[in-house]
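The values are calculated or read from the model by the stated rules, or taken from the named source; none is laboratory data. Owing to the predicted nature of the structure, the values given are computational and were not obtained by experimental measurement. Note that we place each Cβ from the backbone using ideal geometry, even for glycine, and neighbour counts take in every protein chain shown. These area figures cover heavy atoms from the full protein model, side chains too; ligands, DNA and RNA do not enter into them. Shrake-Rupley method; radii C 1.70, N 1.55, O 1.52, S 1.80 Å.
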Amino acid sequence: MPDAPDYVYALSPGTAAGFAVGRMEERVAEYQAAIRSTQAAFSALESIHAESSMRDGAGYSLIRGSETISEVLSTSVAACRSELLTTQPGASRPAELLARALESEIPRLRQGIRQRTIYQHKIRFDAPTMDYINLITAVGAQVRTTSELFDRLIIIDRETAFIPVDDEREVTALQIHHPGIVRYLGKIFDHIWERAIDVGTASARHAPQISDTQRAILHHLVSGQTDEWIARRVGLSRRSIAEHVRRISEQLGSSSRAQLGYLIALNGVLWGAEGATNPQPTAPAPDQDQDQ
């Protein structure tokens, strides 16, 4: 009893839980305030560091070691105020990495951060990556794909950029503060973004139904073979080959053979099937050279 310390009495469990949980919530609120304060302090120091680097003529910082790179990236992205731009080359990302990314990305997106990411077309056929993309786009992220990407790029608030220094991306990275360079990298991202295909609206349209026979025809077609040569190779008439090509062209929206080749590469038709690989040029048999 508050006014009689030598006496105690039993409260209901619900009332006692309220007191206990209330103290825990107070501690959580204190920790959250400390986290925000620490992030703000380091963010202020980051701007001072960037200004100092530019005065010294550098405008960049070299970061070595996978753990250090990961920590610097995490801290910088956590301090993002308005916009996060990233490119992710490659066919897929590890499932455990995607799960960790969701833990930080979804709260950030719900806070109103604009996030745009560019992948390569191949991820459209990777189930874990597509599941991850569906989750983040549902809370506001934008994702597009393109046929090729030069390398990984991260741009935060159009003020700081991260790029790999060499092919071993986890060993050394470059943190760039110089406004001119960051602006240039941002324009490169925007250029690729404008020509990339939105995952949400284009995935169904760019996944044509291709039979095994049609896939074989396309392999030879993109290798430069004529309809007559392909007809002999797959055991069909030349008219049948032309009809298969016409049907595929209709699915992809192509109006010419040149455009068809481009759309085949753009939409990943030949490597979309399970077990399929990028087509390799097929050389004609020696007695068929005259058909070319």
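Of note:
- Linear extension gain, Ala95 paired with Arg152, 0.36 nm per residue minus alpha-carbon span: 18.7 nm
- Here Val165 sits with roughly 80 square angstrom of accessible surface, probe radius 1.4 Å.
- Cβ charges +1 (Lys, Arg) and -1 (Asp, Glu), total dipole of the stretch 113-175, debye: 400 debye
- Label separation (Tyr262 vs Leu174): 3.2 nm, computed from points 7 Å beyond Cα along the C-beta direction.
- Full-stretch length increase - Arg114, Val8 - with 0.36 nm per residue and alpha-carbon distance subtracted: 32.6 nm
- A Förster radius of 22 Å combined with the Cβ-Cβ distance from Leu73 to Ala29 puts the calculated FRET efficiency at roughly 0.20.
- Computed FRET value (nearest 0.05) for Asn134 with Met1, which takes r as the C-beta separation and R₀ as 51 Å: 0.35
- Using the Cβ-Cβ distance between Phe42 and Thr15 with R0 = 45 Å, the FRET efficiency computed as 1/(1 + (r/R0)^6) comes to roughly 0.60.
- Formal net charge of residues neighbouring Glu194 (Cβ-Cβ distance under 12 Å; K, R +1; D, E -1): +2
- Accessible area, probe 1.4 Å, largest first, for residues Val72, Val21: Val21, Val72
- Each eigenvalue of the Cα gyration tensor of the stretch 74-118, multiplied by 5 and square-rooted, gives one semi-axis; in descending order these are 19, 13, 9 Å.
- Using distinct alpha-carbon pairs, which all enter the 1/r mean, Kirkwood radius of the stretch 65-145 in Å: 13.2 Å
- Relative contact order (%) - the stretch 86-221, alpha-carbon pairs under 8 angstrom, separation at least six: 23 percent
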